[in-house]
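Heads up: the structure comes next, in structure tokens.
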Amino acid sequence: AEEDVAFTVHATPEAVPGFLQGAAEISKLTYQSRLHGLRLESDEQTERQFCDMAGRGWFRGYLLHAKGKPVAFMVGYLYRGVYYSETIGYDPAWAE
């Protein structure tokens, strides 16, 4: 990716839809999705849940972008100063 790398943090209700769109695209490429059918969905229920948590200050969504495209994500929750990681994934094209 050379110098074209960016890292974004999504922690507000307004930031959830953009995070969810990028993360869901990555999630469907992961081995968890391909082998086990476990993936992060960009649907109303997930968006509502993440927005509720973000409104309480708990939600944290992280996206890693390379060459202008999301290539990895992490979803977790920050509660009383402790971060709880729930789901991670990356585009296998970037495994190397």
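Quick check on residue 87: is it of a type in the set (S, T, N, Q), within 12 Å of residue 16 (Cα to Cα) and touching a residue at least 24 places away in the same chain (Cβ under 8 Å)? Spell out the reasoning first.
Working: of a type in the set (S, T, N, Q): yes; within 12 Å of residue 16 (Cα to Cα): no; touching a residue at least 24 places away in the same chain (Cβ under 8 Å): yes.
The answer is no for residue 87.
Any residue at all in region 10-26 that's open to solvent by 70 Å² or more (accessible area, probe 1.4 Å), assigned to a helix (DSSP H, G or I), among the hydrophobic types (A, V, I, L, M, F, W, C) and farther than 12 Å from residue 70 by Cβ? Talk me through it step by step, then tell me what you get.
Taking region 10-26 and keeping what is open to solvent by 70 Å² or more (accessible area, probe 1.4 Å), we get 14, 21, 25.
When the remaining residues are screened for being assigned to a helix (DSSP H, G or I), the result is 14, 21, 25.
From what's left, among the hydrophobic types (A, V, I, L, M, F, W, C): none.
Scanning region 10-26 turns up no residue that is open to solvent by 70 Å² or more (accessible area, probe 1.4 Å), assigned to a helix (DSSP H, G or I), among the hydrophobic types (A, V, I, L, M, F, W, C) and farther than 12 Å from residue 70 by Cβ.
Please state which one of 64, 35, 29 is out of contact with any Asp or Glu (no Cβ under 9 Å at 6 or more places or on another chain) and under 14 Å from residue 90 (Cα atoms). Quick ask: steps written out before the conclusion?
On the way: 35 fails: under 14 Å from residue 90 (Cα atoms); 29 fails: out of contact with any Asp or Glu (no Cβ under 9 Å at 6 or more places or on another chain).
Within the list 64, 35, 29, the selection yields 64.
Report yes if residue 78 is at pLDDT 95 or above and more than 14 Å from the chain's Cα centre (by Cα), otherwise no.
Numbers: at pLDDT 95 or above: yes; more than 14 Å from the chain's Cα centre (by Cα): yes.
Taking the combined requirement at face value, the residue satisfies it.
Kindly state which strands (runs of 3 or more DSSP E) lie completely within region 28-90 and contain at least 3 residues that are open to solvent by 70 Å² or more (accessible area, probe 1.4 Å) and hydroxyl-bearing (Ser, Thr, Tyr).
Details: elements: 59-66, 69-79, 82-90.
Hits in region 28-90: 82-90.
The values are calculated or read from the model by the stated rules, or taken from the named source; none is laboratory data. The structure displayed is predicted, hence computed values, not measured ones. As a convention, Cβ positions derive from the backbone with ideal geometry for all residues, glycine included, and neighbour counts pool all protein chains shown. The area values use the complete protein model at the heavy-atom level, side chains included, leaving out ligands, DNA and RNA. Shrake-Rupley method; radii C 1.70, N 1.55, O 1.52, S 1.80 Å.
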